[in-house]
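Enquirer: One structure follows; several queries about it will come next.
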Amino acid sequence: MKRLILAALLTTAALPLSATAATATPQAAVLTAQRDGVEVTAGALKMRLIALADGVVRVRIARDGAYPEDASWAVLPEQRKARATVTATADGFTTASLRVRIGAGGAITFETLDGKVISADAAPVAIDGKSFTLRKSLPITEHFYGLGDKTGGLDRRGKEFVDWNTDAFGFTSADDPIYKSIPFFLSTGAPGGSYGILLDNTYRTWFDFGHRDADTLTFGGPDGPIDYYFVAGPSLAEVTRRYADLTGHAPLAPKWALGYQQSRYSYMSADEIREIARHLRADRVPTDVIWMDIDYQDRNRPFTTNPTTFPDLPKLTADMKAQGIKLVAITDLHIAKVETGYAPYTSGKRGDEFVKNPDGTDYVAPVWPGASVFPDFTQTKSRTWWGTLYKGFLEDGIAGFWNDMNEPAIFNTPTKTMPLDTVHRIASDDFAPRTGDHREIHNVYGMQNTRATYDGLLKLRPNERPFVMTRASYAGGQRYAVTWTGDNSATWDHLKLSVQQIINLGLSGFAYSAADVSGFAGGPSPDLLTRWFEIGAFTPVFRDHSATGTPRVEPWVDGPDHLAIRRRFVEERYRLMPYFYALADQNSRFGDPIVRPVFYDYPSAASMGCNQSMAFTLGKALLIAPPPSPESPQTYDVCLPAGGWYDYWTGLRAGTPEAATTGPIQSATQAVPTEHAKSERVLETPRLDRLPVFVRAGTILPRQPLVQSTAQTPSGPLMLDIYPGGECSGTLYEDDGTTLGYQRGAFFRQTVRCAATAAGVTVTFDGKEGSLAPWWKQIAVTLHGWQGPGRVTQNGASLGAESDVSAQTLRFTIAAPGKAARVTIEKN
């Protein structure tokens, strides 16, 4: 080992606060080079920096000379064991893309190889008893995102937050904490590029993004490991993908999970569910799922069915299946303490599966069924037992499950949760067997609940993709469940907040997320419900849900005019299903969110000057631009990043390049074909029947004929809309939609590209990947931005084509190429 000594004079302000370190005597920092990083000793401070990958460094800090246990609920074991090649330097080490420097007292600086600072400690770690504080310098240019579904707007800069999963019914846009604890944040605007930090600590951690001190980013916790992962970009997308690698990619959801979903707390009987399904089908509202909230149960007891109102669950699921509708059932984690006649309790009691009081007795508390006990999900054996409880529901035909109340929520207590001294037995993964109190386990409890559900479903149906929805979770919880933002409210403010929450959830690993369309609490105005439908149609999970005792919010409730608008947007989602599904495939492989901030793929958008607080992209290709004040009729600018854009609804060019310097045009449809080299502004006037959506020039967008559910095979050709521009491409993806066959090669994936030529445009189909034959036999191509007639040939053979001068399109149909093919479009 190579030992280096730095004469590092420590100022009093930079000193750790522990009694062993609180001295004004100058300390020497000793660096011991390791094959994977460096170990640092500076007085009482001892820490290890480990390069897991070229852009990922783990920082482990010892208390009293002892490093925390090398175990994690969030970070995958193989990621913690991974190692990058490092080169030792006099003050730290380098990887292929990152320089790590150790300064006075062990302060860490992360830099690019050419010396640009990515992040720098403002002081070494401060330790005070069991609590700790980490401080980093905060340049004025930095902005922060992530932390899951926190409120307070999209940007975390200037705010502070606490991680403590909380049943937050009635939360406002400024309340914190709420349902999830995802101690991962991302930064943009640092001189050295974007980065992220995951503080892997399940206690009540906190984060201050320049709220108390505008020049300092501060975070820490009251106890637990001082263990964090620094993830360098330089792009925000690279940070997001590397975080997904660390904590696990979300599994590919069943295709039906991307369809429209109807819910209420509660549909009170099987007959009511049948009537809801009948109405949806009569009104031609495409639908894939109806949800069953707690009132389907017998006396609110999980894993039961009310024998009076739901007398034949298998018949109900069969009736729904015949209409192309799946049922998702809630299964809360509290088990009713009923000594006889209730198998979940008796089997759990027999196996000693429940959380304990400090005296060793089962912890009992009131929730929906009354006195209840709670599975000890930090034990592998208790998670396995929980998973067996789903056998009956799967046999009855239930397609997916909803784990609610898993913060965990407790009634009749001011803290809304378990006492902090409640005892959990830890016997799982690479943790040493031991007990932990609720201070440590609280934030990870809901995640382990969903893990038990997911693993149980997979064991019972080894070739089917589990679908689990959760309210509470922790970093890495995307491996087991989709999520939603909890009990929101039917207000314009919450509509706006929901967009920002979904974006930040996507940056925090949860690509599949939702907000209750309409708002859960209260009742929306007709206009609010319609606008929420429009925006919800472009979010990853699209569920209309409302609370008991509130006005009904099904699509038809406000009359035919509102129904027509809502249905049109639901239909558009189904037409876009091939694009949604290709994004889901991309997420499962690479970790890119389905819904993204505009600056994810277009970094310059952050400085374009428009109010983008409601704007987002669906993948890279579609930019959705609701009014930034959704309740207001005030006109607003939409900033379109450089490269050129089309109006999705008309297919015409949007804006002009001069608009960026000469002022906004009056309508997105006042477009002329141009070279669109600059960013643009488009002036929009809010209309209830219009949601501005734009398509990036260079997009090949797959769509399909309208269906009433994903269980229905589309009739007719796959549709490809080609919008010529730079880096022109698109992806076609298909599999069977429900099984794990895609993991064994039973899928279809094909990249399509386009390029402008002197004579026109060429379209190239790459060779296919996978063994599956997709449903389409033909592909109907619409080439946008085309003037006049054209001649189309495929591999030398002429094809018929129709031009539309007013729409500036050329249309033709080809046989779906199963192998590489080339189509040439030339002007006549």
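Enquirer: Yes or no: LEU280 closer than 17 Å to GLY397 by Cβ and either crowded, with 23+ Cβ neighbours inside 10 Å or at pLDDT below 95 (or both)? Break it down into steps so the answer makes sense when it comes.
Expert: Values: closer than 17 Å to GLY397 by Cβ: no; either crowded, with 23+ Cβ neighbours inside 10 Å or at pLDDT below 95 (or both): yes.
Taking the combined requirement at face value, the residue does not satisfy it.
Enquirer: Would you tally the residues in region 769-784 being assigned to a loop (DSSP other than H, G, I, E, B), free of Cβ contacts under 8 Å to residues at least 60 places away in the same chain and of a type outside the set (Gly, Ala, Ser)? If you could, list the steps in order and put the result at the bottom.
Expert: Filtering region 769-784 down to residues assigned to a loop (DSSP other than H, G, I, E, B) leaves 770-777.
If we keep only those that are free of Cβ contacts under 8 Å to residues at least 60 places away in the same chain as well, we get 770-774.
The next check asks that each one be of a type outside the set (Gly, Ala, Ser); those that pass are 772, 774.
Within region 769-784, residues that are assigned to a loop (DSSP other than H, G, I, E, B), free of Cβ contacts under 8 Å to residues at least 60 places away in the same chain and of a type outside the set (Gly, Ala, Ser) number 2.
Enquirer: How many residues, within region 172-212, are β-branched (Val, Ile, Thr) and assigned to a strand (DSSP E or B)?
Expert: We begin by selecting, within region 172-212, every residue β-branched (Val, Ile, Thr); these are 172, 178, 182, 188, 197, 202, 205.
After this cut, where a residue has to be assigned to a strand (DSSP E or B) as well, the list is 188, 197.
Going through region 172-212 one residue at a time, the tally reaches 2.
Enquirer: A follow-up question, please. Among the residues of region 814-828, write down those that are surrounded by fewer than 17 Cβ atoms within 10 Å (Cβ to Cβ), at pLDDT 95 or above and of a type outside the set (Gly, Ala, Ser).
Expert: Those that are surrounded by fewer than 17 Cβ atoms within 10 Å (Cβ to Cβ), at pLDDT 95 or above and of a type outside the set (Gly, Ala, Ser): ARG822, GLU826.
Enquirer: Note down all Cβ pairs under 6 Å where the first residue falls in region 131-143 and is closer than 19 Å to LEU186 by Cβ and assigned to a loop (DSSP other than H, G, I, E, B), the second is at pLDDT 95 or above and of a type in the set (D, E, K, R), and they're at least six residues apart or on different chains.
Expert: LEU138/ASP215
Enquirer: Scan region 465-508 for residues that are acidic (Asp, Glu) and touching a Gly at 6+ places or on another chain (Cβ under 9 Å) and report the count. Before you say what the answer is, go through the steps one by one.
Expert: In the first step, residues of region 465-508 are kept if they are acidic (Asp, Glu); the result is 487, 493.
Then drop every residue that is not touching a Gly at 6+ places or on another chain (Cβ under 9 Å), which leaves 487.
The total comes to 1.
Enquirer: For the structure I just gave you, tell me whether ARG299 is out of contact with any helix residue (DSSP H, G or I) (no Cβ under 9 Å at 6 or more places or on another chain) and not in a loop (DSSP other than H, G, I, E, B). Break it down stepwise before answering.
Expert: Values: out of contact with any helix residue (DSSP H, G or I) (no Cβ under 9 Å at 6 or more places or on another chain): yes; not in a loop (DSSP other than H, G, I, E, B): no.
No: the conditions fail for ARG299.
Enquirer: Do you know which residues across region 213-249 are among the hydrophobic types (A, V, I, L, M, F, W, C) and either closer than 15 Å to SER131 by Cα or not in a loop (DSSP other than H, G, I, E, B) (or both)? Walk me through it before giving the result.
Expert: Start the filter on region 213-249 by keeping residues that are among the hydrophobic types (A, V, I, L, M, F, W, C), which leaves 214, 217, 219, 226, 230-232, 236-237, 239, 244, 246.
Result: LEU217, PHE219, ILE226, PHE230, VAL231, ALA232, LEU236, ALA237, VAL239, ALA244, LEU246.
Enquirer: I've got another one for you. Of everything in region 84-127, what is assigned to a strand (DSSP E or B), farther than 18 Å from LEU31 by Cα and of a type in the set (S, T, N, Q)? Give them in sequence order.
Expert: Within region 84-127, SER119 is the sole residue that qualifies.
Enquirer: Taking PHE207 as meeting all but one of (1) buried (at least 22 other Cβ atoms within 10 Å of the Cβ); (2) under 23 Å from GLN79 (Cα atoms), write down the number of the exception.
Expert: (2)
Enquirer: Among the residues of region 741-768, write down those that are outside any strand (DSSP E or B) and either more than 25 Å from the chain's Cα centre (by Cα) or surrounded by 20 or more Cβ atoms within 10 Å (Cβ to Cβ) (or both).
Expert: Within region 741-768, the first condition is being outside any strand (DSSP E or B), and the residues that meet it are 741-746, 757-759, 766-768.
Hits for region 741-768 are TYR742, ARG744, GLY745, ALA746, THR757, ALA758, ALA759, ASP766, GLY767, LYS768.
Enquirer: Run down VAL553, VAL557, VAL517 and say which single residue is crowded, with 24+ Cβ neighbours inside 10 Å and more than 24 Å from LYS255 (Cβ to Cβ). Reasoning before the result, please.
Expert: Values: VAL557 fails: crowded, with 24+ Cβ neighbours inside 10 Å; VAL517 fails: more than 24 Å from LYS255 (Cβ to Cβ).
Just one listed residue meets the conditions, VAL553.
Enquirer: Another one. Select, from ALA671, ALA660, ALA642, ALA677, the only residue that is at pLDDT below 60, part of a loop (DSSP other than H, G, I, E, B) and over 28 Å from ARG573 (Cβ atoms). Give the derivation first.
Expert: Details: ALA671 fails: over 28 Å from ARG573 (Cβ atoms); ALA660 fails: part of a loop (DSSP other than H, G, I, E, B); ALA642 fails: at pLDDT below 60.
When all the criteria are applied, what remains is ALA677.
Enquirer: Could I ask something else about it? Let me confirm something: among GLY152, GLY248, GLY193, which residue is touching a Leu at 6+ places or on another chain (Cβ under 7 Å) and modelled with pLDDT of 95 or more?
Expert: From the options GLY152, GLY248, GLY193, the qualifying one is GLY248.
Enquirer: Further question on the same structure: For PHE169, indicate whether it is within 26 Å of ILE410 (Cβ to Cβ), at pLDDT 95 or above and not in a loop (DSSP other than H, G, I, E, B). Spell out the reasoning first.
Expert: Working: within 26 Å of ILE410 (Cβ to Cβ): yes; at pLDDT 95 or above: yes; not in a loop (DSSP other than H, G, I, E, B): no.
When the stated conditions are applied, PHE169 does not pass them.
Enquirer: Which count do you get for residues in region 321-343 that are within 29 Å of the chain's Cα centre (by Cα) and surrounded by fewer than 18 Cβ atoms within 10 Å (Cβ to Cβ)? Lay out the reasoning, then the answer.
Expert: So in region 321-343, the residues within 29 Å of the chain's Cα centre (by Cα) come out as 321, 324-334.
Subset that is surrounded by fewer than 18 Cβ atoms within 10 Å (Cβ to Cβ): 321.
Here the count works out to 1.
Enquirer: So which residues in region 709-737 are of a type in the set (S, T, N, Q) and buried (at least 21 other Cβ atoms within 10 Å of the Cβ)? Even if it seems obvious, please write down each step before you answer.
Expert: First, pick out the residues of region 709-737 that are of a type in the set (S, T, N, Q): 709-710, 712-713, 715, 729, 731.
Of everything in region 709-737, just one residue is of a type in the set (S, T, N, Q) and buried (at least 21 other Cβ atoms within 10 Å of the Cβ), namely THR710.
Enquirer: Right, next: Tell me yes or no: at least one residue of region 59-74 is over 23 Å from ASP429 (Cα atoms), acidic (Asp, Glu) and part of a loop (DSSP other than H, G, I, E, B). Please lay out each step first, then the result.
Expert: Of the residues in region 59-74, the ones over 23 Å from ASP429 (Cα atoms) are 63-65.
Keeping just the survivors that are acidic (Asp, Glu) gives 64.
After this cut, where a residue has to be part of a loop (DSSP other than H, G, I, E, B) as well, the list is 64.
Yes, there is a match, as at least one residue in region 59-74 is over 23 Å from ASP429 (Cα atoms), acidic (Asp, Glu) and part of a loop (DSSP other than H, G, I, E, B).
Enquirer: Do you know which residues across region 600-612 are surrounded by 18 or more Cβ atoms within 10 Å (Cβ to Cβ) and within 18 Å of LYS496 (Cβ to Cβ)?
Expert: CYS610, GLN612 - these are the residues of region 600-612 that are surrounded by 18 or more Cβ atoms within 10 Å (Cβ to Cβ) and within 18 Å of LYS496 (Cβ to Cβ).
Enquirer: Suppose we filter region 686-697 for residues that are in a loop (DSSP other than H, G, I, E, B) and either charged (D, E, K, R) or surrounded by fewer than 21 Cβ atoms within 10 Å (Cβ to Cβ) (or both); how many remain? Write out each step before concluding.
Expert: First pass over region 686-697, keeping only residues in a loop (DSSP other than H, G, I, E, B): 686, 688-689, 691-692, 697.
Then drop every residue that is not either charged (D, E, K, R) or surrounded by fewer than 21 Cβ atoms within 10 Å (Cβ to Cβ) (or both), which leaves 686, 688-689.
Residues in region 686-697 being in a loop (DSSP other than H, G, I, E, B) and either charged (D, E, K, R) or surrounded by fewer than 21 Cβ atoms within 10 Å (Cβ to Cβ) (or both): 3 in total.
The values are calculated or read from the model by the stated rules, or taken from the named source; none is laboratory data. Worth saying up front: this structure is predicted, and the values here are computed from it rather than measured. Glycine also receives a Cβ, built like all others from the backbone with ideal geometry; neighbour counts cover every protein chain displayed.
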